[in-house]
Every structure is written in C-alpha cells, then in structure tokens.
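The values are calculated or read from the model by the stated rules, or taken from the named source; none is laboratory data. As the structure is a prediction and not an experimental result, all values here were calculated from the model. Glycine also receives a Cβ, built like all others from the backbone with ideal geometry; neighbour counts cover every protein chain displayed. These accessible areas exclude ligands, DNA and RNA; they are computed on the full protein's heavy atoms, side chains included. Shrake-Rupley method; radii C 1.70, N 1.55, O 1.52, S 1.80 Å.
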Amino acid sequence: MLSLNKICKVFNAGTVDENVLFSDFSLDVNDGEFVAIVGSNGSGKTTLLNMVCGTSRPDSGNVVFNGTDITALPEYKRAKRIGRVLQDPKMGTCASLSILENLALADNKNRRFGLSRAVNKQREDYYKTLLEMCNMGLENRLGVLAGSLSGGQRQALALIIATMTDIDLLILDEHTAALDPKSSETLMEITRKVVEEKKYTTLMVTHNLRFAVNYGTRLIMMHEGKSVMDISGEDKKKLVVEDILGKFNEISIECGN
C-alpha cells in the first residue's frame, strides 16, 4: 500500500551543519494498518510524514503509494488521496468561515466550485451525522465560525474535514500535541472511531507513549533516521508503556532531550 524504498535525505549538504537524517531507509505499511510513530526530537518522524505527503522529497530512493511511484508527484496531487491533520488546530480549518462552510469546502474537494454553490443545504444532515461522533455538540452549531471554537473542537473539525472525502491514507502529525489532556483524550477517541469505521491506513506521529501503546495496530520507534523498534500484531496488543519506556528514555538522553 505504502512503501519507502532506500530513502536518503540530507539537510544542509556540503556545509558544516550537514545532517544525514535518512540513509538507505525503507518502510512498508500494509493496507489497514494504524501505525503509531514515536521517537526523540530530530529522529525523522515528521520528515518521514513530509516525504509521504510531498512537502519534502528524498534526495534518493522512492515513495510508492498504491503501486505508483509518487516520489516526484507534487503535494497538492497527493492530497487527493491523502488526508492530513497537523499539530496546530488553526491549520486544518478556515477561521473566518462557519463550520458549515468549512465542511462544504471539504465536501467539494477535487471539484471546481464557487462558495455560494458549495454550501448545499441538502447536505446539512450528512454533515451533522459526521459531527455527531465527536460528542461535542458541533452538529448543532453549523453557523458558528470555526475561529470561535476551542482548540479541541477545532482539531476535531479538522479531523472530520480530512476524512470526509474518499482518501486512502490518513496522516496525523502530532494532532493532539497542542491540546490540554482532556481534549487530547477526547480527540484520540474520535480518531479511533473514525479510523476503525472507515478502515483507513493511518500514520500517527505522537510524543505521547500511552497513545502510541493504546491506539493502533503497529508501533514504530525512530532514532536518527532509523527504525529501532517495530511491534505489531499480538505483540502490539499486549504492549504496555513500560515495555518501551526504557528504550525511549535511552535514545532521548542520547539526543540531549
């Protein structure tokens, strides 16, 4: 479904600050896997997601998605089949538009339209159904501006927007990091419901080890552009935080985190 093959990525090449982040790195993700990715700062987690989404390209190697080499494919074309939720709640929604207008824009993704035509009143029941799974009452606030929502509400809306069209891959880039603990827990439960209901293949970068252990079907720990731990199947189901905490602390101390 998704393969990164012999990836090399160098930052500041030829300077005193040269950093070889990835060297001959490969990763295969199967259809339907929910992969939680953890690691110290600078381990390559977000760069990995950026290379999948097209924000960054490898210096060598290739990215294959659904059997097609997309290494040179621009980000906006990949976005037709890849949904992404970023760390900042402000990035996934338009503050000056209402919840209804934000959903209408997402509903018309990949199609040409004017905003006046995009807001289809007949779709409101569908939007309300999508929002009901959040258990935040957003389905009764369609006319409210997205910018007036709390961080947790806005990030939940961003998640719904990222997954309401026909995508094959969901990317979650520390999507709970900017939220308070209660909102983070709520958003993770919404994430679980969305992923399980729609059977998305999902990559989630997180610094929360408990989320990485409790959610998903596979856990990968990154360090200096390498996978130092890869656990899936029954072993993942039995995993507890203490099983990975020692290794995580070891690489974090090594990196000065």
(message) Just to be sure I understand the filter: pairs with C-beta atoms under 6 Å, separated by 6 or more residues or on different chains, first member in the stretch 137-154 and under 21 Å from residue 126 (Cβ atoms), second member assigned to a loop (DSSP other than H, G, I, E, B) and not aliphatic (A, V, I, L, M). Which pairs pass?
(response) 146/93; 154/93
(request) Say whether the condition of being within 21 Å of the chain's Cα centre (by Cα), closer than 24 Å to residue 163 by Cβ and either touching a residue at least 40 places away in the same chain (Cβ under 8 Å) or surrounded by 20 or more Cβ atoms within 10 Å (Cβ to Cβ) (or both) is met by at least one residue in the stretch 13-23. (result) no
(message) Filter the stretch 134-157 down to the residues that are of a type in the set (Lys, Arg) and open to solvent by 70 Å² or more (accessible area, probe 1.4 Å) and list them by number.
(response) 141
(message) I'd like the full set of residues that are in contact with a strand residue (DSSP E or B) (Cβ under 6 Å, 6 or more places away or on another chain), at pLDDT below 95 and among the polar types (S, T, N, Q), limited to the stretch 24-45.
(response) 43
(message) Checking the conditions here, which among 229, 222 is part of a strand (DSSP E or B), at negative phi and open to solvent by 10 Å² or more (accessible area, probe 1.4 Å)?
(response) 229
(request) From 105, 170, grab the single residue that is of a type in the set (A, V, I, L, M, F, W, C), at pLDDT below 95, under 22 Å from the mean Cα position of the chain (by Cα) and surrounded by 16 or more Cβ atoms within 10 Å (Cβ to Cβ). (result) 105
(request) For residue 131, state whether it is open to solvent by less than 10 Å² (accessible area, probe 1.4 Å), under 30 Å from residue 51 (Cα atoms), in contact with a helix residue (DSSP H, G or I) (Cβ under 9 Å, 6 or more places away or on another chain) and outside any loop (DSSP other than H, G, I, E, B). (result) no
